[in-house]
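Below: the structure, in structure tokens.
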Amino acid sequence: MSWIKEGELSLLEKISANILKAGPMPKHVAFIMDGNRRFARKKNMERQEGHMQGFNKLAETLRWCKHLNIPEVTVYAFSIENFKRTEDEVDGLMELARQKFERLLEEHENLEKHGVCIRVLGDLNMLPLDLQQLIAKAVFTTRNHNKCFVNVCFAYTSRYEITNAVREMAWGVEQGLIKGSDVSEALLSECLYSNNSPNPDLLIRTSGEVRLSDFLLWQTSHSCLVFQSVLWPEYSFWNLCEAILQYQLNHKSIQKARDLHREHQALQQLEADRACVAELLQHHSNGKPVDSQRRQEALLHYTSCREERVRDFLEALKHKRDSFFSDLCSESLLA
């Protein structure tokens, strides 16, 4: 099964899609693709076949999203917690991943035609080296495509991602790229694996479970969460439409919450900058009062310097991450 399933919508699906698209549409949808194992039990098939059916459903869902003008999709493919499953099941999932990333590389022309950029979010060091190299090739091959984006969370949990972001900021301070006072909520967001993507507008979990299972906890604080009882391999176009309708019904309140959060974040940063400037002025003025004009000039200068430090740090972080993927690609060529 291809990563992008070809084909048009049925007439009824097209009509429904056009009606939905008259309202506000999510630009980024995240899926917790739950229920593969229960589907296998239900159909009396091998567990591995259930996971295979789950991947096939992903390809079909990506086609629906394409027709609905949803340019970005993030999927929870393999949690770090999944390493606790039986050795046979973990080995089977690793082999399935190998097959699918090999298939992705084979159909790179089709991905280029559709402009599909593949990103893999997680700690790839936890994976077998050959799989790391396949993933790196896939990411590297599609990195310049920009029509639609598929983010595959593999060897991932949100708490691990947030912890890693804190480590990255600590690295920046140790390297002298940023100061401890530059650390903020906004900077942490820029250090997440998902820093190249907007936060999801809509998160969908299948199989009837009503928890996030350590998936995109930071990014979905102002997203519409929809829990559906259908098992993932049985997911349908109409299930997706139902979830989008839920998003549309809640769009105004979600947008208001996001706008308020952005305003609060900007105010927090301004107050932090003012506090740093006040401390610097007090240190350099020897206790003498400082007029408002000098304070404002100092604030503008400090803000400009902080923003430049942060830009340089994020550029260094991007280079470090890009080098990780390019080094894996080079190693695979030498192997």
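Worth a mention:
- Relative to the longest principal axis of the Cα atoms of the chain, the long axis of helix 129-142 makes an angle of roughly 80 degrees.
- The range 9-261 - Rg over Rh from alpha carbon coordinates, Kirkwood radius: 0.96
- Heavy-atom accessible surface of the chain, averaged per residue, reaches 52 Å², computed with a 1.4 Å probe.
- Based on Cα contacts under 8 Å between residues 6+ apart, the range 1-100 shows a relative contact order of 39 percent.
- Taking each DSSP H run with n ≥ 4 as -39500 (n - 2.57) and averaging over every residue of the chain yields -20000 deg cm²/dmol at 222 nm.
- Table column - 3J(HN,Hα) (Hz), the range 233-249, Karplus curve with 6.51, -1.76, 1.60, x for Gly and Pro: x, 9, 4, 10, 4, 6, 4, 5, 4, 4, 5, 5, 4, 4, 4, 4, 5
- Using C-alpha pairs below 8 Å separated by at least 6 residues, the relative contact order for the range 9-261 is 27 percent.
- Förster radius 30 Å - calculated FRET efficiency between Asn44 and Gln99, Cβ distance, rounded to 0.05: 0.80
- Mean shadow area of the range 138-280, taken as a quarter of the surface of its Cα convex hull (nm²): 11.6 nm²
- Over 31 Å (Cα to Cα) - which of Lys27/Lys113; Lys147/Lys252; Lys66/Lys318; Lys5/Lys256; Lys66/Lys256; Lys42/Lys84 fall in this group: Lys5/Lys256
- Taking the alpha carbon gyration tensor of the range 242-335, multiplying each eigenvalue by 5 and rooting it gives semi-axes of 39, 30, 8 Å, largest first.
- Surface composition of the chain: carbon plus sulfur atoms hold 52% of the accessible area, using a 1.4 angstrom probe and ignoring ligands, DNA and RNA.
- Kirkwood hydrodynamic radius (C-alpha pairs) into Stokes-Einstein, the range 23-169, 25 °C and 0.890 mPa s, D in µm²/s: 151 µm²/s
- With DNA, RNA and ligands ignored, accessible area of Phe78 (1.4 Å probe; Å², nearest 10): 0 Å²
- Amide H partners (placed H, <5 Å) of Glu72, local residues excluded: Val29, Phe149
The values are calculated or read from the model by the stated rules, or taken from the named source; none is laboratory data. What you are looking at is a predicted structure, and each value in this text was computed from that prediction instead of being measured. No Cβ is skipped: glycine too gets one built from the backbone with ideal geometry, and neighbour counts run over all protein chains shown. Keep in mind that these areas ignore ligands, DNA and RNA; they rest on the heavy atoms of the full protein, side chains included. Shrake-Rupley method; radii C 1.70, N 1.55, O 1.52, S 1.80 Å.
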